[in-house]
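Here the structure comes first, spelled out in structure tokens, and everything after it is commentary.
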Amino acid sequence: MPALIAMLTDFGSRDPYVGIMKGVILQRVDASLVDLTHEIPPGDVRRGAFALWQSYRFFPEGTIFLAVVDPGVGASRLPVMVESEGYRFIAPDNGLLTYVLRAESRAWALANPAFQLHMPSATFHGRDIFAPAAAYAALGVPGRAFGPMVPALQRFSLPRWAREGEMLHGEVLHADRFGNLITSLGAFRRDGEQWLLFPWLHEGEEPQYFAPAAVRLPDGQVLPVVRTFDDVPPGAVAALVGSSGMVEIVARRRSAAEVLRLADGAPVTLLSETLAHALEDEKHAEENE
């Protein structure tokens with residue numbers, strides 16, 4: 001069975017860059033190539049890191065992820081290969097792998113010229129360094145053959161995520177192409193009729209039950225948590241648990257990003273069902289006084 005290489009870049013489809021990388025790979029190995037996305041906003045390493053995290057668990061073990069979002073190409077950042085959870089990730093060491101790194105992850109610098117194109121350019125490491133490395137990894141070349149081990153990789157600060165009793169504090173990460181605002185409030189998974197909250201990106205913390213009921217925005221507006229997009233009343237904005245387990249702020253057949261104009265990094269708070277009901281009771285009591 002051919003090796004599986006999944007590709008993620010910010011190169012887009014207008015220019016031949018992605019196709020050239022595929023050509024370099026296919027010159028060296030018979031591989032199945034999967035395009036995760038090539039539409040990461042140019043240079044947006046954090047967005048690329050999220051897309052990589054969002055995707056990798058749905059691939060079979062042994063998949064090689066070739067990820068190139070590299071605004072520092074030609075500078076001092078290292079090209080690396082990382083082994084983690086049965087996968088291999090080939091990428092620049094610029095934070096792009098932040099969300100997939102684990103305590104047991106191992107990394108090697110892509111320093112051996114035998115596994116690069118001859119005289120690599122300073123501006124297209126995707127073609128000259130990363131694509132050949134993916135091909136040779138698919139051929140079974142071990143990490144140690146590529147170069148010395150890298151003891152610590154670059155990571156950017158994790159998004160806001162903290163539980164405080166019946167509240168979960170987070171932030172807006174970005175808007176997807178539909179205008180849904182993806183937040184760091186998650187990751188949730190169904191456990192029967194209940195929601196189990198996993199401490200996103202915080203290793204060592206145990207999952208806990210949490211019934212998401214409402215999201216409070218920076219201006220104090222409180223949005224209900226609904227089950228589907230069609231449960232959002234016409235003209236309204238609400239929240240739901242999306243396919244990745246993250247809480248998303250959405251509008252019905254509209255862009256929530258355009259409606260709310262919330263910037264990336266804006267603080268948001270998830271209220272549990274217990275707290276939301278208590279606040280609603282307080283509100284009714286004040287109105288009846």
Looking only at the range 144-167, and only at residues there that are touching a residue at least 40 places away in the same chain (Cβ under 8 Å) and part of a strand (DSSP E or B), the one that is nearest to residue 81 (Cα to Cα)
149
Among the numbered criteria (1) in a strand (DSSP E or B); (2) buried (at least 19 other Cβ atoms within 10 Å of the Cβ), which one does residue 40 miss?
(1)
Taking the conditions exactly as written (surrounded by 20 or more Cβ atoms within 10 Å (Cβ to Cβ) and part of a strand (DSSP E or B)), does residue 170 satisfy them or not?
yes
Conditions (1) surrounded by fewer than 16 Cβ atoms within 10 Å (Cβ to Cβ); (2) in contact (Cβ under 8 Å) with a residue 60 or more places away in the chain; (3) among the polar types (S, T, N, Q); (4) touching a strand residue (DSSP E or B) at 6+ places or on another chain (Cβ under 7 Å) -> residue 27 fails only (4)
Restricted to the range 214-271 and to residues being within 13 Å of residue 170 (Cβ to Cβ) and among the small types (Gly, Ala, Ser), the residue surrounded by the fewest Cβ atoms within 10 Å (Cβ to Cβ) is 265
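Looking at the range 106-113, can you tell me whether even one residue there is closer than 18 Å to residue 62 by Cα, in a loop (DSSP other than H, G, I, E, B) and assigned by TED's automatic domain parsing to the domain that holds residue 26?
Our first condition is that a residue be closer than 18 Å to residue 62 by Cα; within the range 106-113, this holds for 106-108.
This time we only want the ones that are in a loop (DSSP other than H, G, I, E, B), so: none.
No, every residue in the range 106-113 fails to be closer than 18 Å to residue 62 by Cα, in a loop (DSSP other than H, G, I, E, B) and assigned by TED's automatic domain parsing to the domain that holds residue 26.
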Select from the range 103-130 the residues that are modelled with pLDDT under 95 and surrounded by fewer than 16 Cβ atoms within 10 Å (Cβ to Cβ) and write down the one among them that is nearest to residue 26 (Cα to Cα).
118
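The values are calculated or read from the model by the stated rules, or taken from the named source; none is laboratory data. None of these values were measured; they are calculated from a predicted model. So basically every Cβ, Gly included, is an ideal-geometry build from the backbone, and we count neighbours across all protein chains shown.
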